1. Is the stretch 39-50 home to any residue that is in contact with a Lys or Arg (Cβ under 8 Å, 6 or more places away or on another chain) and not in a helix (DSSP H, G or I)?
2. From the list L46, L7, which residue is at pLDDT below 85 and hydrophobic (A, V, I, L, M, F, W, C)?
3. If you go through the stretch 1-57, how many residues are farther than 19 Å from E82 by Cα and of a type in the set (K, R)?
4. Quick test for you: out of G85, G72, pick the one residue that is part of a helix (DSSP H, G or I), over 14 Å from the mean Cα position of the chain (by Cα) and under 30 Å from R18 (Cα atoms).
5. Being out of contact with any Cys (no Cβ under 6 Å at 6 or more places or on another chain), assigned to a helix (DSSP H, G or I) and under 22 Å from L79 (Cα atoms) narrows it down to one residue among K63, K29; which is it?
6. Has the stretch 1-12 got any residue that is in a helix (DSSP H, G or I), surrounded by 10 or more Cβ atoms within 10 Å (Cβ to Cβ), of a type in the set (A, V, I, L, M, F, W, C) and touching a helix residue (DSSP H, G or I) at 6+ places or on another chain (Cβ under 6 Å)?
7. Being basic (K, R), surrounded by 10 or more Cβ atoms within 10 Å (Cβ to Cβ), part of a helix (DSSP H, G or I) and over 13 Å from the mean Cα position of the chain (by Cα): is that true of R55 here?
Amino acid sequence: MRVKQLLDKLSGILDEDRKVQLKKYKSLKKVLKALRVEKSDLENALEKTEDEETRHDIESRLKVVSAQRKKGLKVLKDLKQERKGKTTS
């Protein structure tokens, strides 16, 4: 009976870790989707804009959004690998 209780506690702890990880994963996916939409909007605005100063502003914002998205995708990939590693271990 004592071993069963310990296993139940361990299971509860592992489930909590998984819940936290899934919450972080879903949140990151939502942010990445918003960044993808913003990047698309900026690219469309860049195509339509002819003013040089405005184009420069849009290009700089596009670089920032692209860098943020790239960084977020790397974190998402790391989360996926971590999740796979924990499942197989």
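1. Residues of the stretch 39-50 in contact with a Lys or Arg (Cβ under 8 Å, 6 or more places away or on another chain): 39, 42, 46, 49.
With the extra rule that they be not in a helix (DSSP H, G or I), the set shrinks to 49.
Checking the stretch 39-50: at least one residue is in contact with a Lys or Arg (Cβ under 8 Å, 6 or more places away or on another chain) and not in a helix (DSSP H, G or I).
2. Details: L46 fails: at pLDDT below 85.
When all the criteria are applied, what remains is L7.
3. Residues flagged as farther than 19 Å from E82 by Cα and of a type in the set (K, R) within the stretch 1-57 amount to 9.
4. Values: G72 fails: over 14 Å from the mean Cα position of the chain (by Cα).
Exactly one residue qualifies, and that residue is G85.
5. Values: K63 fails: under 22 Å from L79 (Cα atoms).
Residue meeting the stated conditions: K29.
6. no
7. Working: basic (K, R): yes; surrounded by 10 or more Cβ atoms within 10 Å (Cβ to Cβ): yes; part of a helix (DSSP H, G or I): yes; over 13 Å from the mean Cα position of the chain (by Cα): yes.
Yes, satisfied.
The values are calculated or read from the model by the stated rules, or taken from the named source; none is laboratory data. Worth saying up front: this structure is predicted, and the values here are computed from it rather than measured. Ideal geometry is used to build each Cβ from the backbone, glycine not excepted, and the neighbour counts take in all protein chains shown.
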